[in-house]
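What follows is a set of notes on a single structure, which appears directly below.
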Amino acid sequence: MTEDKFDGELVDVGTLCYEGHDNLYLNITNRCSASCVFCIRDVSDGVYGYDLRLKKEPSLEDMLEKLSTLDLEKYREVVFTGFGEATLRFDVLLKITHWLKERGVRTRLDTNGHAQLLYPERDVVAELKEAGLDEVSVSLNAESEEKYNEICRPAFEGSYDAMLDFTRNAIEAGIQTRMTVVGFNDIDIKKCEEIARKIGADFHVR
Ligand code: SF4
C-alpha cells in the first residue's frame, strides 16, 4: 500500500505493484477500453491476495518512488498488468518503461491492443519501442471480430482489427510478441493459435 497527498490529506492510494511468478506486476489504472465477460475485476477485488482496486490512480512520481524502494534485480521482469489497461495511461507507461530500461530491468506490457485507437495521432508501437519495452502480450481472445465483440465488449468500433494491427506492428518493430486467449468453452483455440502464428506471434492460453 502507498499513501499519497490528495486534497490536502494523506489517503491510501492502493496496491501499486505486487509479486508473483518471480515477476513484479504494476497496477497503474483500473480503467479499460473493454469490458470482457471474464474480466476478473467483475468477480474479485484482486489477485494473489492483493487488493487491486485503486482509490486513486498513482502519479508517475508515486510509481517511481515505490519502484525505487524495491530490489528490482530479483525479478525476471516487470509487467504492466493489474486491474485495467495500462495504455490508458500511455505517457506514464512510457516513462516508467524508460526508467526501468535505464536500470537494465526487463519489461512486458499486457494489453488489449487498443492503444492506436486511443491515440490516433501517435505511433504507439514506435513509442513503446523507443521507451525500451522488451515484450508485449496481446489479448487476442477470439477467432473472429463477431465473437470478440460479444466477449470483450470494446468501447471502440474496429477494436479487433486494431488489436491485430497493433500486434503486427509490435513484431515489425522487433518487440517480442505473444498473443493470448482465455480458455473459454466456445473459443476456437486452434483457430486463435493459427491467427497468432500467421501474424508471427507466440501463443499462450491463459
Ligand atoms: S481487457 Fe483486461 S482489464 Fe480490460 S476488461 Fe478485458 S480482461 Fe478486464
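The values are calculated or read from the model by the stated rules, or taken from the named source; none is laboratory data. Every value quoted in this text rests on a predicted model; they were computed, and no experiment measured them. Here the Cβ is made from the backbone with ideal geometry for all residues, glycine too, and neighbour counts use every protein chain on show. The accessibility values were calculated without ligands, DNA or RNA, using every heavy atom of the protein model including side chains. Shrake-Rupley method; radii C 1.70, N 1.55, O 1.52, S 1.80 Å.
How would Y25, Y50 rank on accessible area, largest to smallest, probe 1.4 Å? Intermediate values should be presented prior to the final figure.
Working: Y25 20, Y50 80 Å².
Output order, biggest surface exposure first: Y50, Y25.
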Exercise. G46's amide H: which non-local residues (gap 5+, or another chain) put their own amide H closer than 5 Å, with H modeled 1.01 Å from N in plane and none for Pro or chain starts?
Worked result: L52
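Need one number: the % of Cα-Cα pairs in the range 2-205 sitting beyond the 25 Å mark.
36 percent
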For this session: Pull out a ≥ b ≥ c, the square roots of the eigenvalues of the alpha-carbon gyration tensor of the range 1-120, then state rounded if a/c is under 1.5, prolate if not and a/b is larger than b/c, and oblate in the remaining case.
Result: rounded
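So, with +1 on the Cβ of K and R and -1 on the Cβ of D and E, and no other charges, what is the size of the charge dipole of the range 30-74 about its Cα centre, to the nearest 20 debye?
Values: 7 positive and 9 negative charges, 44 e Å.
Once rounded to the nearest 20, the dipole reads 220 debye.
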For this session: Past 18 Å, Cα to Cα, is the threshold; run K129/K198; K74/K95; K147/K191; K66/K95 against it and keep the listed order.
Result: K129/K198; K74/K95
For this session: Heads up, I need the accessible area for H204: 1.4 angstrom probe, whole protein in place, Å², nearest 10.
Result: 80 Å²
Problem set entry | Which of V125, V47 is most accessible, then next, and so on - probe 1.4 Å | V47, V125
Problem set entry | Exposed GluC sites (Glu not before Pro) absent - longest run of the chain, DSSP non-H/G/I/E/B, at most 15 other C-beta within 10 Å | 1-120
For this session: Please tell me the relative contact order of the chain in percent, rounded to the nearest whole number, where contacts are Cα pairs under 8 Å and at least six residues apart.
Result: 18 percent
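Under a 1.4 Å probe, what is the accessible area of the chain per residue, stated in Å²? All intermediate terms of the calculation are to be shown ahead of the outcome.
Working: 10190 Å² over 206 residues.
Using a 1.4 Å probe on heavy atoms only, each residue of the chain averages 49 Å².
If the only charges are +1 at each Lys and Arg Cβ and -1 at each Asp and Glu Cβ, what is the size of the charge dipole of the chain around the Cα centre, to the nearest 20 debye? Walk me through the numbers before you get to the answer.
Details: 26 positive and 40 negative charges, 75 e Å.
Roughly 360 debye, rounded to the nearest 20.
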Seminar exercise, completed: Once all protein chains are kept in place, K55 shows an accessible area at probe 1.4 Å, nearest 10 Å², of 130 Å²
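Summing Lys, Arg as +1 and Asp, Glu as -1, what charge do residues with Cβ under 12 Å from the Cβ of Q116 carry, Q116 excluded? Spell out each step's value before the answer.
Working: positive: R122, R168; negative: E121, D123, E127, D161, D165.
So the environment of Q116 carries a net charge of -3.
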Exercise. How long are the three semi-axes of the equivalent ellipsoid of the range 19-87, in whole Å, if each is the root of 5 times an eigenvalue of the C-alpha gyration tensor, listed from largest down?
Worked result: 22, 15, 11
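Counting only helical runs of four or more DSSP H residues, what would the 222 nm mean residue ellipticity of the chain come to if each run contributes -39,500 (n - 2.57) and the total is spread over all its residues?
Working: 7 runs with 67 residues, N = 206.
So the calculated ellipticity at 222 nm is -9500 deg cm²/dmol.
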Exercise. Hey, rough spin-label estimate for V37 and E121, points 7 angstrom out along Cα→Cβ, what's it come to in nanometres?
Worked result: 3.8 nm
